[in-house]
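Heads up, the thing below is written out as structure tokens.
The values are calculated or read from the model by the stated rules, or taken from the named source; none is laboratory data. Keep in mind it's a predicted model, so treat the numbers as computed, not measured. As a convention, Cβ positions derive from the backbone with ideal geometry for all residues, glycine included, and neighbour counts pool all protein chains shown.
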Amino acid sequence: MSNVLKDAEMRMQKGIESYKNDISKVRTGRAHPSLLDHVRVDYYGTETPLSQIANISVGDARTLVITPWEKRMTQAIEKAIMTSDLGLNPSSTGELIRVPLPALTEERRKELTKVVRNEAEAARVSIRNARRDANNALKEQLKKKEIAEDEVHRLEETIQKLTDKYIAEVDHLLSAKETELMAI
């Protein structure tokens, strides 16, 4: 019984962590090294995360500075950033790659808000799926007479409270990110 609860809570927590990770990729106009976390570079035939082949730092509020550990990787890194879905145009100065972040327009801010809302809905769905699976596991145990009906109802209420808690957390993260996106 407690395994069902622990499993459901663990899956709901993973949904929250996944959502946090997804919305951290949505840029808000300020330079941050994590913007390039999902960029992969062809490193001797292997797709390698950028952070494993170069140092990424913040030059100023709107510029990222990338220092490759191998000089000849500069072009591959530039290409990987340009082909990523970030819409960034890096410029190389020999050993350094500078990635200026363009200012966000009102239209682009609204598009990013829609993206964040879609990610929030996906997180809510994953939390609801965890609830459904936990409730189904309880019903299976009831069918096998491993658990009493009163206990099933009590545990279903507990699972619903967990679900409400995690969905409220998603809503809180969503509103914070929307506020951050719409701030100029």
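General remarks:
- You will find that of Val26, Val41, the residue that is assigned to a loop (DSSP other than H, G, I, E, B), surrounded by 15 or more Cβ atoms within 10 Å (Cβ to Cβ), within 22 Å of the chain's Cα centre (by Cα) and of a type outside the set (Lys, Arg) is Val26 and no other.
- Of all residues in region 76-118, those being of a type in the set (Ser, Thr, Tyr), farther than 24 Å from Thr46 by Cα and free of Cβ contacts under 8 Å to residues at least 24 places away in the same chain number 2.
- Residues that are free of Cβ contacts under 8 Å to residues at least 60 places away in the same chain and surrounded by 14 or more Cβ atoms within 10 Å (Cβ to Cβ), drawn from region 143-164: Val152, Glu156
- Among residues of region 44-87, those that are of a type in the set (D, E, K, R), surrounded by 13 or more Cβ atoms within 10 Å (Cβ to Cβ) and in a helix (DSSP H, G or I), counted: 2
- Of the residues making up region 2-11, at least one is closer than 29 Å to Thr113 by Cα, in a helix (DSSP H, G or I), in the same structural domain as Arg131 (by TED's automatic domain parsing) and of a type in the set (D, E, K, R).
- Test: residue in region 166-178 that is farther than 24 Å from Lys25 by Cα, of a type in the set (S, T, N, Q) and assigned to a helix (DSSP H, G or I): no
- Checking each residue in region 129-177 for being within 26 Å of Ser18 (Cβ to Cβ) and of a type in the set (S, T, N, Q) picks out Asn129, Asn135, Asn136, Thr158, Gln160, Thr163, Ser175.
- Which numbered condition Asn55 fails, given (1) over 14 Å from the mean Cα position of the chain (by Cα); (2) within 25 Å of Thr179 (Cβ to Cβ): (2)
- Criterion (within 29 Å of the chain's Cα centre (by Cα), more than 30 Å from Lys114 (Cβ to Cβ), surrounded by 16 or more Cβ atoms within 10 Å (Cβ to Cβ) and hydrophobic (A, V, I, L, M, F, W, C)) met by exactly one of Ala130, Ala134: Ala134
Results for (1) in the same structural domain as Asp133 (by TED's automatic domain parsing); (2) modelled with pLDDT under 85; (3) touching a helix residue (DSSP H, G or I) at 6+ places or on another chain (Cβ under 8 Å); (4) among the β-branched types (Val, Ile, Thr), shown as yes or no for each residue.
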{"site": "Pro49", "(1), (2), (3), (4)": "no, no, no, no"}
{"site": "Gln52", "(1), (2), (3), (4)": "no, no, no, no"}
{"site": "Ile56", "(1), (2), (3), (4)": "no, no, yes, yes"}
{"site": "Thr74", "(1), (2), (3), (4)": "no, no, no, yes"}
{"site": "Lys79", "(1), (2), (3), (4)": "no, no, no, no"}
{"site": "Ser92", "(1), (2), (3), (4)": "no, no, yes, no"}
{"site": "Glu95", "(1), (2), (3), (4)": "no, yes, yes, no"}
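- Which listed residue is modelled with pLDDT of 90 or more, over 15 Å from Gly15 (Cβ atoms) and either touching a His at 6+ places or on another chain (Cβ under 7 Å) or in a helix (DSSP H, G or I) (or both), from Glu111, Glu156: Glu156
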